[in-house]
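Comments concern the structure below.
Read the figures in this text as sums done on the coordinates, not as results from a lab. Values in this document were obtained by computation on a predicted structure and should not be read as measured data. Backbone-built Cβ (ideal geometry, glycine too); neighbour counts: all protein chains shown.
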Amino acid sequence: MRFSDENMLSVFEFILNTTPQAKVRYSPFEIIFGHRPRICETEELTPAIKFSGDYETYMNVLRNELENIRKTVYADKVEMRERKRRHKIVSTK
């Protein structure tokens, strides 16, 4: 795939809007929408093993991966709430 200047401009815009700024430690996206951008990375959602006919093992792997995804999402939510709380404390001083 060839990138045109127009495509690259969109990529740079996305990078700028989603990169946390050093002074405020939030990205412009986070400041406007109140959360980090949700980007689906298909590699992370691809099962670690392929189905080999052992249904029980395959289902256990999928359950474990789903549980890890849930834990990550929960940890991100908790971190974002904490960041919002700290930001409110700092901005009220």
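Within a Cβ distance under 10 Å of M80, other residues only, what is the Lys/Arg minus Asp/Glu net charge? If you can, show how the numbers build up before the last one.
Numbers: positive: R36, K77, R81, R83, K84, R85; negative: E30, D76, E79, E82.
Cβ neighbours under 10 Å give a net charge of +2.
Just grab the label-to-label distance for I15 and K88, each label 7 Å out from Cα along the Cβ direction, in nm (one decimal).
Placing both labels 7 Å along Cα→Cβ, they lie 3.5 nm apart.
Starting from the Cα-Cα distance between V24 and Y55, subtract it from 0.36 nm times their residue separation and give me the gain in nm to one decimal.
Full extension of this stretch gives 6.3 nm more.
Please report the net charge: other residues with Cβ closer than 12 Å to the Cβ of K71, K and R +1, D and E -1.
Cβ neighbours under 12 Å give a net charge of -1.
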